[in-house]
């Protein structure tokens, strides 16, 4: 019995087409800074990838895209690089209560070094409180970081409205698009985005590459100085395989997103409808403004970790619980607490994130697995 | 006619055995932080790699090894992470004049933010001035960063002696081993090394992974905060393919280093002897205390860039000039200036770094290429 992988927010397989495209760079050495033929070929591969990523997000120019080692590094660069570079303007930063830890933790680092940090709340669906955002911004705010969509509850934030509020005051908006990229169309110009975080693996590209879009004119400084690659903004010999792969992954995502999204929304909605038939089960996140591949729940009186282990061992189905990236911590997800769940409710969460290997025919098996698992665990539960 | 690649300091092919070992992780998603089977398998792969790297450098424990995105990040972490974490002790840092830019530039960043930076000179062979090192260290020095061996001139530094000087004063020694790893034996315990930078690709592993060895007890803080991976010292979902590959690359390097080094030294010495027959040609770096795969020269009255382009286009041979990582800058190499070369001398440099695909039979073709190239360029030279 082949397994069903439903944890695409946590790690994604590399698309075979991406592998076929990028694999040649594993055998051909070539440092893009070298002047001989292999170096120039490597350089061309990097620029080709840059162009494809610029297209995915409708960047003004290819050179608005800077490659990094991943989304965590992109978020750190966007936040620390912008805050430190613009310190002369002020020492205030703003973010939301449901950001990824790779946004919240650099923000807290800044706070420790004397910055004022304001965390804007969200409502029970995970939607940002725009009035509170407005109130939080002052002329001293150098970077406001709000995610495009949330990885744990799937809610898509009102980027355009946020951007108008931020830009009205002449400030910079950073958007972490890790969960949204390749799932829904992103347009940095139309959306009014100054800095955007992207990750390769979340596009079915190889791990080890990320990117940051930087709007022309935005002042930012590197956090990893060295050999001066990527216009001095990110040093280190370029990870050619991962970057070329990320570019191709972006191209495929752009081409196929429309159709794929329709397919996944059908499966998602089917899953949500069927799983909510379980007693004392609840959808987390927004009922309609949510990512096409994202279905997230919490169940009363059971533990998410037990759901995960049962689903894996008894049904060969991989789901997530709490934050996809820190499920080994015992703390309940800060995202679920921020949308108003109690500790015990937050502990009973399950997150399903669909991908290219999933299809409608898997729905009955998944639903059966979830229903039986919840039932079994509740029987065992002391609560 | 197949080419001869002689620029292993710049970029290395991935060893086919490494690829075979690590490739499965490209198709199997699995976040090492996830609790289901794929996650646990990913976690095991990471720990297996950690063990192999600990063995390569004789670390006290596997958990002294922390994975990063590459050598540039490891150097930044070692330097900034240690300096900032131990700021209470003092705000002085020390390095040498021939370090890689990924050491020198974070040092300069610290200097800009109020640290005192002392740069210790080297002699004409690139050997660190130990007396000046001793004079530079005070009780306020929080990190001293000296490379194991130099990437541009091949000189191996007296690590043990340096370490004794640094430790006599109770201070931390960071060693960038990017150029030395896999080429000569490294023993962090015997060598008295507190922090060590390693890179995957320089071991014939995939790009996109690096590591840092941290001696038990050394106080350091992360530079990329986020999800808390790698014991909180390096956040970001682990690059499984690159890390597993780096581990296997380390295992192969450890097993084969002895024999391979004998093979490369023979080829290196043959090349040096033959190339120095050219008039007004000089070896750069130390005549004997040099890396087994490293032969570096400068030639009067010609340009390194022209040598590189001629060797590539006319002989299919790839060599480097100046710094392997910044050969597109017009500045002469800071390393060559530090060993006392004049600007015009430094511009006429050529660096050969051998690897597994090279063999003695290639020597005549390489030597012929270099001799004819130098002769041709000198005829064209206005000097």
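The values are calculated or read from the model by the stated rules, or taken from the named source; none is laboratory data. Computed from a predicted structure; not experimentally measured. Note: ideal-geometry Cβ built from the backbone for every residue, glycine included; neighbour counts use all protein chains shown.
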Listed residues A:210, A:245, A:228; which is at positive phi and either more than 24 Å from the chain's Cα centre (by Cα) or facing chain B (nearest Cβ under 10 Å) (or both)? A:228
Could you tell me whether residue B:205 is under 19 Å from residue B:180 (Cβ atoms) and assigned to a loop (DSSP other than H, G, I, E, B)? yes
If I filter the range B:100-111 for residues that are out of contact with any helix residue (DSSP H, G or I) (no Cβ under 9 Å at 6 or more places or on another chain) and modelled with pLDDT of 95 or more, do I get at least one hit? yes
Looking only at the range B:213-225, filter to residues that are within 14 Å of another protein chain (Cβ to nearest Cβ) and touching a residue at least 60 places away in the same chain (Cβ under 8 Å); which one of those is farthest from residue B:7 (Cα to Cα)? B:221
Tabulated pairs, the range A:1-21, first within 8 Å of chain B (Cβ to nearest Cβ) and surrounded by 24 or more Cβ atoms within 10 Å (Cβ to Cβ), second modelled with pLDDT of 95 or more and in a helix (DSSP H, G or I), C-beta under 6 angstrom, 6+ apart or interchain: A:12/A:201
The residue from A:281, A:296 that alone is away from chain B (no Cβ under 14 Å) and within 17 Å of the chain's Cα centre (by Cα) is A:296
From B:33, B:96, B:102, B:74, residue being closer than 30 Å to residue A:320 by Cα and either surrounded by 16 or more Cβ atoms within 10 Å (Cβ to Cβ) or not assigned by TED's automatic domain parsing to the domain that holds residue B:162 (or both): B:33
If I filter the range A:149-159 for residues that are closer than 15 Å to residue A:87 by Cα and either in the same structural domain as residue A:282 (by TED's automatic domain parsing) or touching a strand residue (DSSP E or B) at 6+ places or on another chain (Cβ under 9 Å) (or both), do I get at least one hit? no
Here are B:236, B:226: which of them is assigned to a loop (DSSP other than H, G, I, E, B) and closer than 24 Å to residue B:87 by Cα? B:226
Just give me the residues in the range A:214-231 being in contact with a helix residue (DSSP H, G or I) (Cβ under 8 Å, 6 or more places away or on another chain) and either within 30 Å of residue B:10 (Cα to Cα) or not assigned by TED's automatic domain parsing to the domain that holds residue A:47 (or both), in sequence order. A:214, A:220, A:221, A:222, A:223, A:224, A:225, A:226, A:227, A:228, A:231
Per the filter on the range A:64-99, residues more than 12 Å from every other protein chain (Cβ to nearest Cβ) and in contact with a helix residue (DSSP H, G or I) (Cβ under 7 Å, 6 or more places away or on another chain) are A:64, A:65, A:66, A:83, A:93, A:94, A:95, A:97, A:98
Given the residues B:309, B:271, B:337, which is the only one that is farther than 25 Å from residue B:99 by Cα and free of Cβ contacts under 8 Å to residues at least 24 places away in the same chain? B:309
Set B:234, B:266, B:301, B:251: member being in contact with a helix residue (DSSP H, G or I) (Cβ under 8 Å, 6 or more places away or on another chain) and on the phi > 0 side of the Ramachandran plot: B:301
Do we find a residue being within 26 Å of residue A:264 (Cα to Cα) and in a strand (DSSP E or B) anywhere in the range A:123-140? yes
Go through the range B:1-117 and tell me which helices (runs of 4 or more DSSP H), entirely inside it, have 3 or more residues that are within 26 Å of the chain's Cα centre (by Cα). B:16-22, B:37-56, B:71-76, B:82-85, B:101-112
Can you work out which of the residues in the range A:220-230 that are touching a strand residue (DSSP E or B) at 6+ places or on another chain (Cβ under 9 Å) and farther than 22 Å from residue B:98 by Cβ is surrounded by the fewest Cβ atoms within 10 Å (Cβ to Cβ)? A:230
Quick one: how many residues across the range A:100-123 are over 21 Å from residue A:9 (Cα atoms) and within 11 Å of chain B (Cβ to nearest Cβ)? 7
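Residues checked against (1) at pLDDT below 95; (2) more than 15 Å from residue A:278 (Cβ to Cβ); (3) within 14 Å of chain B (Cβ to nearest Cβ):
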| position | (1), (2), (3) |
| --- | --- |
| A:301 | yes, no, no |
| A:304 | yes, no, yes |
| A:326 | yes, yes, yes |
| A:335 | no, yes, yes |
| A:338 | no, yes, no |
| A:360 | no, yes, no |
| A:363 | no, no, no |
| A:376 | no, no, no |
| A:379 | yes, no, no |
Search result, residues across the range B:189-218 that are under 14 Å from residue B:66 (Cβ atoms) and surrounded by fewer than 23 Cβ atoms within 10 Å (Cβ to Cβ): B:215, B:216, B:218
Pairs returned, first residue in the range A:24-41 that is at the interface with chain B (Cβ under 7 Å from one of its Cβ atoms) and closer than 12 Å to residue A:239 by Cα, second residue that is crowded, with 23+ Cβ neighbours inside 10 Å and at pLDDT below 85, beta-carbon separation under 8 angstrom, 6 or more apart or interchain, are A:31/B:324; A:31/B:325
